Amino acid sequence: MYIEKFKKRLTDVLFYPKLCKYEDVIENVPQYLELLNRRSINGIDGLVIYIHVPFCNRFCFYCSYFKEPLSHYDYYARKKYFEAICKELRMYKNFEHFKTKKVKAIQFGGGTPSLVEPDFLRMVIQEIKENFNCAECELITMEGNPASLLKDEKLEAFYDIGVQRLSIGVQTFNKELRKKLLIESTVEQIYEVTEKINKIGYRDYSMDLMYNLPGEKVQQVVDDIQEMDKLGPKFIDIYSLNIFPNTKFKEVIDKGNYFKEKPSEEKNILMTASVINTFKELKYNQVMSFTYSKEETKAPPHVDYFFNGGSVLGLGPSSRSYLDGVNFRNVPDVKKYMSMIDKGEYPIDCGMLVSKEEQDRKKMVFFPLYLVQDKSELEDIQIYRSTIDRLKELGYISEDDKYLHITEEGKKWTGNIATCFFSQKEKAKHNISFLKSMKENENPYNQDAMGVSMEKRRKWKNDWDCL
């Protein structure tokens, strides 16, 4: 493949190899999972357990993660959901793979985990501690929004059950944009929750920003970063906007009557450069392609395990598991998920066994996320030599005796660089997955109906009434 100078910026690659429900059908799930009875082959004994909590009060326009309206689930239905999570957890505990693994981190993601009762999270944490080796668990972390964290002394309650770290979705401080994007929390609540987090004594917290939002100006992105800097989170994650086809969000943007100005490729590139420069001026370390910190020089440990070879066990609908090449994704449907758990079935939607060669290639695909790659960790760097040399020629990466580095110019194009290292098989699968999702009128992210047009999501019409 001949690589030309990049002109259109691609988003970072966060999953590799890709799971596709059309290409990665598992004929016999219990037989497939028997592969977890073999001994670990990657030499890493750490395990991250991820729990997906799909409940939200409101659907932020840009979000493609699997979620359901909290209003559809009363207290007893939510309790039943977390009991199903605990049952799914017990279904995995006796596999040989987990007998040598030590839980390093527990992460609650969503959705909005901070909406639910702390006792439900306590139930899951206790179940993990009873069934897995948690002697070296470094972190329990949870995503949340300011509005829900400020209710009913939730911050104190989550701290009491052992949550040490919070990830707060902010996205932007621009009030007009927040309203148009259907973000529930107010700017005032962002300041209030930050003050309470520091007062209570959480170990650390991170905050998320987004840019290239509809109608957003470059200076607004700079203003957002500077404002967040005043709040002092340990980590700031910042992402460019993804707009998925087949979604209501894309439909509204294309119509042009709700947002005054569309996101553009030109602005994406300009804003990415501005993001990098602004953080540099504020004396931040760029610890990953999308993560900055004044205090730390490495990614948070639970993030590192996701991308750097550790095992990840995902629980709940739509969650993904990566276990020494035994990769699979759960069904993106609460009702189906709970029904399968009730029957004692593994709630798996699709999966694939990843070859040792592809697992090694994953290091090169994720190298742009980390901005550096130790060459000694690769089985055979010559496999990638022509791609490396071409990217060096274009000025996107550099090389010394021990390491590959992403250059300052390359930091603007980390998603593009990652795709250059895809195998031919994975490139083909990405294309097939996208085309089949389009044909089936699905959101390509999870190959589900998340955010898809009104006709598909008629029962949730109230969430879009403002449009």
For segment 188-248 the translational diffusion coefficient, Stokes-Einstein from a Kirkwood Rh over Cα pairs at 37 °C and viscosity 0.692 mPa s, in µm²/s, is roughly 246
Report the charge-dipole magnitude of segment 264-355 in Debye, nearest 20, computed about the Cα centre from +1 at each Lys and Arg Cβ and -1 at each Asp and Glu Cβ.
-> 100
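Highest first, please rank the peptides 57-64, 111-118 by the mean number of other Cβ atoms sitting within 10 Å of their residues. If you can, show how the numbers build up before the last one.
Details: 57-64: 19.2, 111-118: 23.4.
The peptides rank, most packed first, as 111-118, 57-64.
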By the Cα gyration tensor axes a ≥ b ≥ c (a/c under 1.5 gives rounded; else a/b larger than b/c gives prolate, otherwise oblate), the shape of segment 77-142 is oblate
The answer for Leu209, listing residues at least 5 apart or on another chain whose modeled amide H is closer than 5 Å to its amide H, is Gln171, Asp237, Ile238, Tyr239
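Given charges of +1 on the Cβ of Lys and Arg and -1 on the Cβ of Asp and Glu, with all other atoms neutral, how large is the dipole of the chain about its Cα centre, in debye to the nearest 20?
840
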Contact order normalised by residue count of the chain, Cα under 8 Å, 6+ apart, percent | 21
Classify the chain as rounded, prolate or oblate, taking a ≥ b ≥ c as the square roots of the eigenvalues of its Cα gyration tensor: rounded when a/c is under 1.5, otherwise prolate if a/b is larger than b/c and oblate if not.
-> rounded
Where a ≥ b ≥ c are the square roots of the eigenvalues of the C-alpha gyration tensor, would you call segment 311-379 rounded, which needs a/c under 1.5, or, failing that, prolate if a/b is larger than b/c, or oblate?
-> prolate
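At 0.36 nm per residue, and after removing the present C-alpha to C-alpha distance, how many nm does the segment from Asp152 to Lys436 gain when stretched out fully? Numbers along the way, then the final one.
Numbers: separation 284, 0.36 × 284 = 102.24 nm, distance 4.46 nm.
In short, 97.8 nm is gained.
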Using R₀ = 25 Å, calculate the FRET efficiency as 1/(1 + (r/R₀)^6) where r is the Cβ-Cβ separation of Leu353 and Lys102; round to 0.05.
-> 0.55
Please give, to one decimal in nm, the separation of the simple spin-label points placed at Ser71 and Lys343, each 7 Å out from Cα toward the Cβ.
-> 3.2
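Going by average Cβ density within 10 Å per residue, which order do the peptides 8-17, 374-383 take, highest to lowest?
Numbers: 8-17: 17.4, 374-383: 12.3.
Packing proxy ranking, top to bottom: 8-17, 374-383.
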Compute the separation of the alpha-carbon centres of segment 302-377 and segment 54-79 and state it in Å as a whole number.
-> 23
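What's the Cα-based Rg to Rh of segment 127-238, Rh via Kirkwood?
Details: Rg = 15.7 Å, Rh = 15.2 Å.
Value, to two decimals: 1.03.
Under a point-charge model restricted to the Cβ atoms of Lys and Arg (+1) and Asp and Glu (-1), what is the dipole moment magnitude of segment 193-310 relative to its Cα centre, in debye to the nearest 20? Intermediate results must be reported in sequence, preceding the final value.
On the way: 16 positive and 18 negative charges, 32 e Å.
Roughly 160 debye for segment 193-310.
Rounded to the nearest 500, what is the chain's calculated 222 nm mean residue ellipticity when only DSSP H runs of at least 4 contribute -39500 (n - 2.57) each, over all residues? Numbers along the way, then the final one.
Working: 17 runs with 173 residues, N = 467.
So the helix-based figure for the chain works out to -11000 deg cm²/dmol.
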Which is farthest toward the positive dipole end of the chain among Gly410, Pro214, Gly232, measuring Cα position about the Cα centre, with Cβ charges +1 (Lys, Arg) and -1 (Asp, Glu)?
-> Pro214
Roughly how much of Glu408 is accessible, in Å² to the nearest 10, using a 1.4 Å probe?
-> 90
Could you work out how far the C-alpha centroid of segment 270-288 sits from that of segment 144-220, in angstrom?
-> 21
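The values are calculated or read from the model by the stated rules, or taken from the named source; none is laboratory data. These numbers were taken from a predicted model, which means no experiment stands behind them. Backbone-built Cβ (ideal geometry, glycine too); neighbour counts: all protein chains shown. Side chains are part of the model used for accessible areas, which takes the heavy atoms of the whole protein and leaves out ligands, DNA and RNA. Shrake-Rupley method; radii C 1.70, N 1.55, O 1.52, S 1.80 Å.
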